[in-house]
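The values are calculated or read from the model by the stated rules, or taken from the named source; none is laboratory data. It should be emphasised that the depicted structure is a prediction, and the values quoted were computed from it without experimental measurement. Every residue, glycine among them, receives a Cβ derived from its backbone with ideal geometry; neighbour counts consider all protein chains shown. Note: areas computed on protein heavy atoms with side chains; ligands, DNA, RNA excluded. Shrake-Rupley method; radii C 1.70, N 1.55, O 1.52, S 1.80 Å.
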Amino acid sequence: MADTVLETIGLTKSYGALKAVNNFSIKLDSNKIYGLLGRNGAGKTTFLDLIASRIFADRGEIKLFGQNAVENQELLPKLCYMPEKNLFITTMRVREIIESAAGFYDSFDRKYADQLCIKFALDKKKKYKTLSRGYESILRIVIGLASRAAVTIFDEPVLGLDAAVRDLFYRELLEDYTANPRTFVISTHLIEESADIFEEALIVKEGVLVEHLAVEELKEKARYVSGKAAVVDAAVAGLKVIYSEMVGSVKICGVYEQFTDEKLKKLSGYEVDTSPIPVQKLFIYLTTASKEGIL
Amino acid sequence: MNRLLKCIQFQLKGALQSTSWFLGIYLVIYLFLFVLLQQLISSSDNSSGSVNSGFFLAGAIFVFVQVSASYKPNFNYLLMFGNTRRNIFLSTVSASAALSVIMAVISVASQFVDNAITKTLSKNSEAVYYDLFSILYKSNVNTFTESLWFLAMFIVIFSLAMLYGAMAYRFGKVFITAFWVVLGLCLTVLPLTIPVLNGTNVYVAALKMYFCAGVSGGIMLAPVNFIITAIIFCAVTYVLSTRQSQVV
């Protein structure tokens, strides 16, 4: 059984009337890659800021390796959080930033950081303020990966990166993760292309954790059911429908359900077609479902 | 290495970089004025007076700007790399205290240089060098007490700057605007109140009391006032910063 590295219990943070994070309770295991998914304003960044002690919770607990993580100097260096926001000192050179980061993380691998700089063509002599948006993201990637922290968190790591560099990042992440297993939490909007690297998905909607399960399980639970409207309606009766659309005379329903043998048998009894729902689409359906909907 | 030491090292590096820039620019201006002064004196028949480079004043402004301006970026940067607010606060105090020592030493040294220049340039053999202390204090003025005074003064300036930085971080533009508007009003309106107050400027009197000006042994007493003020400012900053959420 995997060890729990990070645990939150009833974590809540409000900004006025808005509950940015509402009663968030999760357990993250060691050596896994988690995808934190949610739409803009869902509370992803607030949640990450909370677990990294950047902001304080109104209520709840954050435990890192079983101990209270808030302002805990022993534990905080075991967590490396590279936020989307710019918190670097803009007059510093890339080399100086990497050097100072190396000083703050005991497990930081300078050699690997140098290799990454070469791979991503990041000029270490440049000042941070002269970097493009893409290279700012690359610097965060270099520090996050080279930190080799037990818990590494990236908030929108591929922002401003072109497809080739994004691909390089995913490959590098997986390679390094295989060689040096640790826990990654990655918050991203680009779900389709990053879904393959996630082992588990955390789906956040309006400050609430609505789903936490393995990506494979998530894929298996989601299916399109299409056919004649009346037949489809009969087939999906009693199932959780997260999406429905009429295309001419054909009705397409997105079903999100734990497909037991009995349910599959029931579906096969109707004249309908079934196909998997792409992860990106599934995410859209799950996070846009109305409050009266399935989630 | 201890994390606190790493934070101090980082903050000190930044402070020393800015200080070396400040000193470089100051030296250039100083040399320019020195040459200008030499030209002026050589063209006059009999000149006397006192040369005061005003390093202390320039240094005080620099320390305030440096400490207050670097508060937010340093806080955010160190927080990003997993340092606690307590360590960040302690490192800011340590680095600023070190900066104060440097500025105090240079202030004392600049007085010696000013004195020497006054004597060298003056054509009047009885030229007297006037400095801040000869105006404020009557007794016990020597290099040791001057150093102590400068050091305590720079400490109170950095602690004020740190408090300003922490307040600006927490309350943002509202505080910054209010601070400078109130300060501006004080500087412009308060002198106008002298006639209303029957010619007695209570503000100047309060300031004189704080600086222990004209009091026997005042140069030794004033640093006590400064340090007490600095402790109060630091305590408020600590309370503010240790419960401060990150602001970008």
Here D for the protein assembly as shown, in µm²/s, from Stokes-Einstein with a Kirkwood Rh over Cα pairs at 20 °C and 1.002 mPa s, works out to 77 µm²/s
So how far, in whole Å, is the C-alpha centre of segment A:231-281 from the one of segment A:83-106? 50 Å
Cβ-derived FRET efficiency at R0 22 Å, B:Lys72 paired with B:Leu183, nearest 0.05: 0.65
Taking all protein chains together and a probe of 1.4 Å, list A:Arg59, A:Arg148 from the most accessible to the least accessible. A:Arg59, A:Arg148
Quick P(r) readout (segment A:98-210; Cα-Cα; 10 Å bins; whole %) gives 13, 46, 32, 9, 0
On a 0 to 90 degree scale, rounded to 10, what angle separates helix A:133-147 from the longest Cα axis of chain A? 80 degrees
Which of the lysines could a cross-linker span from A:Lys265 if the Cα-Cα distance has to be under 27 Å and same-chain partners fewer than 8 positions apart are dropped? A:Lys219, A:Lys221, A:Lys228, A:Lys240, A:Lys251, A:Lys281
Could you state the angle between the C-alpha long axis of helix A:94-104 and the longest principal axis of the C-alpha atoms of chain A, as a value from 0 to 90 degrees rounded to the nearest 10? 90 degrees
Can you list the lysines whose alpha carbon sits under 26 Å from that of B:Lys119, skipping same-chain ones fewer than 8 residues off? B:Lys138
What percent do you get for the relative contact order of chain B when only Cα pairs under 8 Å and 6+ apart count? 27 percent
List the equivalent ellipsoid semi-axes of segment A:171-293 in whole Å, largest first, each obtained as the square root of 5λ for an eigenvalue λ of the Cα gyration tensor. 31, 16, 13
Can you give the angle from 0 to 90° between the axis of helix A:279-288 and the longest principal axis of chain A, with both taken from C-alpha atoms, to the nearest 10? 80 degrees
Hey, what do the phi angles of segment B:53-59 turn into as Karplus ³J(HN,Hα) couplings, whole Hz, using 6.51/-1.76/1.60 and θ = phi - 60°, x for Gly and Pro? 6, x, 4, 4, 5, 4, x
Average Cα contact separation per residue, segment A:27-185, under 8 Å, 6 or more apart, as relative contact order %: 30 percent
What whole-number distance in Å separates the alpha-carbon centres of segment A:161-188 and segment A:1-76? 22 Å
In this model, which of A:Lys85/B:Lys72; A:Lys85/B:Lys13; A:Lys63/B:Lys72; A:Lys32/A:Lys263; A:Lys126/B:Lys173 are farther than 26 Å apart at the alpha-carbon? A:Lys63/B:Lys72; A:Lys32/A:Lys263; A:Lys126/B:Lys173
Can you list the lysines whose alpha carbon is less than 18 Å from that of A:Lys124, not counting same-chain residues fewer than 8 positions off? A:Lys111
Chain A: relative contact order in percent, alpha carbon pairs under 8 Å with at least 6 residues between: 19 percent
Taking the Cβ of A:Val236 as the centre, find all other residues whose Cβ is under 12 Å away and add up their charges (Lys, Arg: +1; Asp, Glu: -1). +3
In segment A:68-107, which residues become less accessible by 50 Å² or more once every protein chain is in place, relative to the chain on its own, using a 1.4 Å probe? A:Glu71, A:Gln73, A:Leu87, A:Ile89, A:Phe104
Using the Cα atoms as the points, what is the convex hull volume per residue of segment A:121-173 in Å³? 83 Å³
Looking at the calculated P(r) for chain A, what percent of the C-alpha pair distances fall above 25 Å? 53 percent
Grab the beta carbon distance between A:Ala234 and A:Asn23, set R0 = 41 Å, and tell me the FRET efficiency rounded to 0.05. 0.60
